[in-house]
Structures are given as C-alpha cells and as structure tokens.
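Every number here is computed from the coordinates shown, using simple stated rules; none is lab data. Being a predicted model, the structure only gives us computed values, none of them experimental. Neighbour counts run over all protein chains shown; Cβ positions are idealised from the backbone, glycine included.
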Amino acid sequence: MLGLLMEARYENKRAKETEKSTDRNSTAEKENLDIHNPQWELSDSNIASQVFVFFLGGYETVSTAMCLMAYELAVNPDVQKKLYGEIIEDRKDNNELHYETISNMTYLDMVVSECLRKWPVTPFTERVVTKPYRIEPELPGEKTLT
C-alpha cells in the first residue's frame, strides 16, 4: 500500500513537470495530462497518515480480535474443546489447512462471530437517528428510552 501511495505521489509530480514543459497553446495535451489536482495532492504527511490508517485498520483490529478470541476460549474450556475437535476432525484427511477447509468450519465461524459480537473491535458507530424511536422498559424500575 505504501508503494502505491508513493507511486501516486511520483505520478502527480511527473504530471506537474510535464504540464510546465508543455506549450501554452496545446490545451488538448494539458487536458489529457491534467491529473494534478490540489485537492488530491499527496504530501509526505498525507501518505504517512494513510499508511497509519491502513495499518491500524488492518493489523490492530485483527490482532485485538484474535487476542479476545483466545481469552474467550481460555475462559470457556467447553467451547475450546468443541472447536479443537472440529479442527482435528477437518484435518484428518489432510494435515494442511487451506482456505476451503477453514471456510467450511461452521463452529469456528460461530465462535469468531460471537467473539466479534461480544467484543466489537470498533465499539462505536457514527450512525445518526433519522426518526424518533422509543424503547419501552422490560424490567421493573427501568425507564423508557427515547
């Protein structure tokens, strides 16, 4: 990803240089090469922040989810035993794990889904309520939420 961002920055600089070297009367050539847009300029700080976002979104969330899943498996040995059994059963024919094998492990999918439900990696959303909604109390002493 860093390579793609650096290449885009290089192409942007190259387009600027080509634009400067073209004749003022050759508007067609300028229009074809005009990928320079101040709104899309990639400075070093822009590239660094984009790389950080990709790193955080792609690495930190996965590692956090895996740690929390390991915690849940340690706390729930019955779930751990059942999941281990599924993995051993699926590896009987072939000792290697492949994408197809893992994608067919239904209990593993349930464990991962439950872990992500219980421990969301991003604990907030930026959704906005568009219409009024009431949640009625279910237990004595609770208040209505609006």
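At-a-glance table
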| item | result |
| --- | --- |
| Estimated FRET transfer efficiency when R0 is 25 angstrom, pair Ser113-Glu138 (beta carbons, to 0.05) | 0.50 |
| Ranked list, fewest to most other Cβ atoms within 10 Å of each Cβ, for Leu68, Leu145 | Leu145, Leu68 |
| Sequence ranges 123-135, 76-88, ranked by mean other-Cβ count within 10 angstrom, highest first | 76-88, 123-135 |
| Burial ordering of Asp44, Asp90, Asp109, fewest other beta-carbon atoms within 10 Å first | Asp44, Asp109, Asp90 |
| Distance in nm between pseudo-label sites at Ala70 and Gln50 (7 Å out along the Cβ direction from Cα) | 3.3 |
| Computed FRET value (nearest 0.05) for Asn104 with Glu60, which takes r as the C-beta separation and R₀ as 25 Å | 0.30 |
| For Arg91, Arg117, order by how many other beta-carbon atoms lie within 10 Å, fewest first | Arg117, Arg91 |
